[in-house]
Amino acid sequence: EVYQKLGDLVADGSLSAAVEQVYPLDQFKEAFKQSLQSNRSGKILFKFGATDETDRG
């Protein structure tokens with residue numbers, strides 16, 4: 001029930017998290033350094049998989 005409520009809040013835009021930067025997994029060292037900054041304005045995320053159509057095949 002709690003997850004349903006959270007999902008509803010995310011879906012309607014009432015709940016969100018700021019994203020500062022998205023890194024490909026191979027840049028994990030840079031992402032970690034960025035995550036340690038005290039003046040960050042959002043979350044540090046990783047992007048998995050192909051970045052565009054040319055990377056998929």
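Quick note: the coordinates plus some simple rules give every number you see, no bench work behind them. Keep in mind that this is a model prediction, so the values were computed, not measured. Using ideal geometry, Cβ is built from the backbone for each residue, glycine included, and neighbour counts are taken over all protein chains shown.
Listed by chain and number, the lysines whose C-alpha is less than 23 Å from the C-alpha of K47, apart from same-chain residues fewer than 8 away, are K29, K33.
Database remark: amide H of R40 closer than 5 angstrom to no amide H (H placed geometrically; neighbours at sequence offset of 5 or more, or on other chains; Pro and chain starts carry no H).
The modelled label-to-label distance for the pair S16/Q4, using points 7 Å beyond Cα in the direction of Cβ, is 2.6 nm.
Helix-derived [θ] at 222 nm for the chain: sum -39500 (n - 2.57) over DSSP H runs of at least 4, divide by residue count, nearest 500? Taken over the chain, the calculation gives -9000 deg cm²/dmol. Estimated at 0.36 nm per residue, the fully extended path between K33 and F48 surpasses their Cα-Cα distance by 3.5 nm.
Could you tell me which label, among (1) 26, 10, 7; (2) 35, 21, 9; (3) 26, 20, 9, carries the value of semi-axes √(5λ) of the Cα gyration tensor in Å calculated for this structure? Of the labelled values, this structure produces (3).
About the centre of its Cα atoms, the chain shows a dipole size close to 300 debye [charges on the beta carbon of Lys, Arg (+1) and Asp, Glu (-1) only; nearest 20 debye].
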